[in-house]
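Please treat every number below as a calculation from the coordinates, not as lab data. This is a predicted model, so every value here is computed, not measured. Counting neighbours? That spans all protein chains shown, and the Cβs are built from the backbone with ideal geometry, glycine included.
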Amino acid sequence: MCSVGGSMGYWKRGGQSEKAELRAHALNDGQDRTGGSVGQDMTELKSRAPISMHRGRASPAFFAREHISAHGRKSPSMSGKVPTGFATETYISDHTFRQGHRAIEGGNTKKRKREGKGDTSVVSGAGAYKGPWARYEEERPDALSDDEYGSDEEVEIVYEEDEIEDNPAPAPNQLAGTDYRDTEREGETSEFVGSQQYDYQGRTYMHVPNDLDIKLIGDYEPQNFIPKKLVKEWKYHTKAITQVRFIPDSGHLLLTASADSKIALWDTFHDRELLRTFSGHTKSVNDIDFNPSGTQFVSASYDRYMKLWDTETGKCLNKFTSGKTPHVIRINPSKPTEFLAGMSDKKILQYDTRSGEMVQEYDHHLGPVNTITFCDEDRRFITTSDDKSLRAWEYGIPVPIKFIAEPYMFSMVRSSSHPSGKYVAFQGSDNQITVYSSTDRFRQNRKKSYRGHNVAGYNPDVAISPDGQFISSGDSGGYVCFWDWKTCKMWHKIQASDAPVLAVQWHPRETSKLVTGDLNGKLCYWD
């Protein structure tokens, strides 16, 4: 390679004798490295370039760069001095050049520093999760490279007064549905808003009325008809009605849940007024369910809490959370102190209301759980999920006993048991209601399929009349559709609302009473 004499400077051409000597040295070098004569295959490179092209630290460019500060000023030690020296030319082979070039190009480079990935539980703001999208240090506005500042030079950043903003930057907006707000410290409240809390004998609304033409206590033979006219319209909720439940057996009370985070209790006889409101959730209430006696009920909400309420006093007796959103909740009719909750993280959780702890976990689904239906005298239950499958379980055993998933199946979002206990009807997202047996086989009944309504992604409820003769469903066009259970033919349609009808429930004792709830929060009572 090149030899440099004196201090670094300009380059001069050597003599003819030096050329011959260097050429002979290059030829010998080529023979030694290739193992034979070079001949015509070797190309002589005549290089008059400075050493800086080989990135040597003794090049003039490097020498000048080392004495220039980050602000573009030359070092005082260089002022008034002219670099001097001499250079010689040499001849190298292709092999020698490529070997040296590869050695320099393949050298270690400085690794780029990157910001941290952040915390997965933080959505926005300081420490938010960036993952693989984290920027490099030099991409940050306040980051400066080592070339801008000398390694041995301390730099102080001074801001002008005009550059400082009087008002700080606004905080990032909270993303709806992603910010987890802990409601543990927020108290639950309930208010009685009816006209009379106690009757002349000191009884509350929990007392089943016996001054009616219909018998609300004891055994009876149900016989139902399709409703035709509107009897009562209620308006308390400000957002969509998500679920409606009659109190078991008597049906003299109606419980409603809404996306406005409120739960309301209504009187279905006498004055048909609003009796009590329950407040305590901070987001939409997904589902509600009574215990068999109707003295207590559970609620599930998007605030990730499940709460146990006293129907008479309105007191919150207990609260449960796993940190995930519950989509459906069901109390075991045979064990009123235990309930199941289908979660957004594909799991089904079993809780004990006495201890307040989770006692079992079922986690075989591959998507959020949509429905839970007890069957076979409450010894088993059936679940459906967004993974377009149906699974049957033994209560208390976290291993499914039946798994159904076919290529033609769609996700089933609502369910209703037939009064005979032999079938379960499921509302599918493909605009049809399918029926599965709830016995040992858990097979689909292909003879029973109910069509003619439009779901359109709203997940309307499905309900079967107490006598098992009719099946009803909501509709995205505001209709309530009725089919005959045996023939699967649509009998009637009622224009119940201008908005999609999401909740439908038959009265357990009346012959043709039905309640509906729509997307605007309006409740309608039909006869």
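Extension gain for residue 230 to residue 337 (0.36 nm times residue separation, less C-alpha to C-alpha distance): 34.8 nm.
If packing is taken as the mean number of other Cβ atoms within 10 Å per residue, what is the order of 296-302, 232-238, 118-124, highest first?
On the way: 296-302: 23.7, 232-238: 15.0, 118-124: 12.4.
Highest-to-lowest ranking by the protection proxy: 296-302, 232-238, 118-124.
Projecting label points 7 angstrom from Cα along Cα→Cβ for residue 360 and residue 486 puts them 3.8 nm apart. Put a dot 7 Å past the Cα of residue 130, heading toward its Cβ, do the same for residue 431, and the two dots end up 4.8 nm apart.
Can you give the Kirkwood hydrodynamic radius for the stretch 190-526, in Å, rounded to one decimal and based on Cα pairs? Numbers along the way, then the final one.
Values: mean 1/r = 0.0498 Å⁻¹.
That comes to 20.1 Å for the stretch 190-526.
Ranked by the mean number of other Cβ atoms within 10 Å of their residues, highest first, the peptides 483-492, 365-374 come out as 365-374, 483-492. Here the stretch 324-343 is scanned for amide nitrogen atoms under 17 Å from the site 7 Å beyond the Cα of residue 206 along Cα-to-Cβ, giving 336-337.
Sequence-distant contacts, meaning Cα pairs under 8 Å at least 6 residues apart, place the relative contact order of the stretch 190-526 at 15 percent.
Add +1 for every Lys or Arg and -1 for every Asp or Glu among the other residues with Cβ under 14 Å from the Cβ of residue 406, and state the total. Mind showing how you got there, number by number?
Values: positive: 388, 391, 402, 443, 446; negative: 387, 430.
Cβ neighbours under 14 Å give a net charge of +3.
Taking 0.36 nm per residue of separation and subtracting the Cα-Cα distance, full extension of the segment from residue 191 to residue 217 would add 6.6 nm.
Could you size up the charge dipole of the stretch 190-526 around its Cα centre, putting +1 on the beta carbon of Lys and Arg and -1 on that of Asp and Glu, and report it in debye to the nearest 20?
Approximately 780 debye in magnitude.
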